[in-house]
Structure formats: C-alpha cells, structure tokens
Amino acid sequence: MAEFCDLNADLGESFGAWTMGDDAALLKVVSSCNIACGFHAGDPLTMQHTVATALASGVAVGAHPSLPDLVGFGRRELRVDAAELYALTLYQISALDGFVRAAGGRLHHVKAHGALYGMLARELALARAFVDAVVAAGPDLQIYGPDQGALRRVCVDSSRRYVCEGFADRGYQANGQLVPRSQPGALLELDAARAQGLALARAQAIAAVDGTQIRPAVQTLCVHGDGPHALALASQLRADLLAAGLGIRAP
C-alpha cells in the first residue's frame, strides 16, 4: 500500500450568475483540483478566482478541459477528430495556465472532463492528440486518468507521467470502467462513497455494480465538486485517510 494518496476535486464549475459547489470549502480539504476551462462550465472570472483560491490554499492546480458542451455540462459525447481535439485541448489548457502564471503559480496536471474522459480511454487517435496537446502546453505536466485504456497506454509508451485516478462517488462495472450516469448504480450515496474511497486508497478490492470484486490501481481519489454531498464526503475521506496512516498530497 502506498504511503500517501492525492485527494482531488473538479472545481471552478460556476458560470456567470449560476453557482456550482462550495469551492472555497473544498479547497481546504483536497490536495489537488481540476479547474473547468470554460467549455463545459466556468468562465474567465470564475477561473481566475478559483486559481487564486487554490494557490492560496496550497492546492495543486490542474486544467480540466472538456468537449465544447456548456448545455450538457460536457457529459454528452460529441464527434471530434484528432486535429480538432488537439486544438480544443491546447486552447483550454493555455487559458487556465495564463491565470495560474499571472497568480505566480505553476500548472500541475491535466485531467479530461466528462464524456471526453471516457472517449480518451477508448479511442487511441484521440488519446494521442490529447497527450500531444498536453506536451505542447507544458513538458512537465502530469495527466490524471483511468487506470486502464488508451490514454494510459499512450502515456506509458511516451514516458509521460500518468496518475491513475479512482472515484469515491461513482459506481464501477466489472471491467473496471465507470457505470454510465444514465444507468442505475452510477452514483453512490455518502456512506458507500466514503467506504469505497478508503478501500481504493488502501489498494483493497471494491464491489462492482454486479457484485464482482475488482481492484483498480489508484494514486489519486476524485470527489465531484457538483455532488450533493461533495464537501461532507471529501472531509470524511480526508479524516479516514489520515486515520489509516496515509498522507494526503499531490503526486
């Protein structure tokens, strides 16, 4: 078992007058964050404010690029080719990186959002385009993603630092992939998410939605900032991890 685990949250997802999540409170709990870059959520002022708050809290800042789908919150698959995805990804990373540099910080990682996250695990050409965009944005940037699939293979083949991510609040299928949000078992209630998160961090088996025991490799745990129990889950998980003897820090 590892001696530490990163605890991350998807943040900066407010848009104009519409507020999403309690980012300020979550930034007191997590060790890294993934900030929306305006394509699924977020706007320039929200990005700037979230970056500043994260850096002031000592939290590692990551870019959270998405497919261009504000209405669907980036959770609908859109058909894009590799060249378009490269441009979309580089554009979003660069926008957030500008705010990070202006605040005196340094961008730490990149994590795809929503539907794009799943597409990158399945489609090799898109995974290569995504990794190429990350490399162009910053040669030292890490990539957060699932513990299996095309994105991880591309990163391993190109010696790109890859951080395997697990989800405390999402259900898993027997093949190790997440249960689609449209299906039963996709979202876990607070107590179940807390137990699953701790088990993942301790490299223990968890139950997939059909009861199969699986053991995903996890170096960072995600708590979705838009969830109804996001702050309670992140706070309780932090306490659980520390009680289990695990340090909490960004990789």
_Selection of trypsin sites (Lys or Arg not before Pro), region 132-198, meeting DSSP coil and at most 16 other Cβ within 10 Å_ = Arg161, Arg181
_Full-stretch length increase - Ala232, Ala25 - with 0.36 nm per residue and alpha-carbon distance subtracted_ = 73.5 nm
*Choose one answer from Pro146, Pro228, Pro216: the residue with the largest mean-square fluctuation in a GNM of the chain with alpha-carbon springs under 10 Å.*
Pro228
_What is the sum of charges, Lys and Arg at +1 and Asp and Glu at -1, for the other residues whose Cβ falls under 14 Å from the Cβ of Ala201?_
-1
*Taking GluC sites (Glu not before Pro) that fall in a DSSP loop and have at most 15 other Cβ atoms within 10 Å as cut points, what is the longest piece of the chain between them?*
78-188
*Run the quick spin-label model on Asn175 and Ala56: label points 7 Å from Cα toward the beta carbon, then report their separation in nm to one decimal.*
4.6 nm
_What does the net charge come to around His224 if you take all other residues with beta carbon closer than 13 Å to its beta carbon, with K and R at +1 and D and E at -1?_
-3
*With charges only on Cβ, +1 for K and R and -1 for D and E, what is the dipole size of the chain about its Cα centre, in debye, rounded to 20?*
400 debye
*asked:* Which residue fluctuates most in the GNM of the chain (Cα springs below 10 Å): Gln204, Gln183, Gln213?
replied: Gln183
*Looking at Ala230, Val154, Gly74, which one has the Cα that reaches farthest to the positive end of the dipole of region 4-248 (charges on Cβ: Lys, Arg +1; Asp, Glu -1)?*
Val154
*What does the charge count near Asp23 come to, summing +1 for each Lys or Arg and -1 for each Asp or Glu among other residues with Cβ under 12 Å from its Cβ?*
-3
_Compute, for region 1-98, the length of the dipole vector about the Cα centre, with Cβ point charges of +1 (Lys, Arg) and -1 (Asp, Glu) only. Units Debye, rounded to 20._
100 debye
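Read the figures in this text as sums done on the coordinates, not as results from a lab. Small disclaimer: the values here were computed from a predicted structure and weren't measured. When we count neighbours, we look across all protein chains shown, and the Cβ atoms used for this are built from the backbone with ideal geometry, even at glycine.
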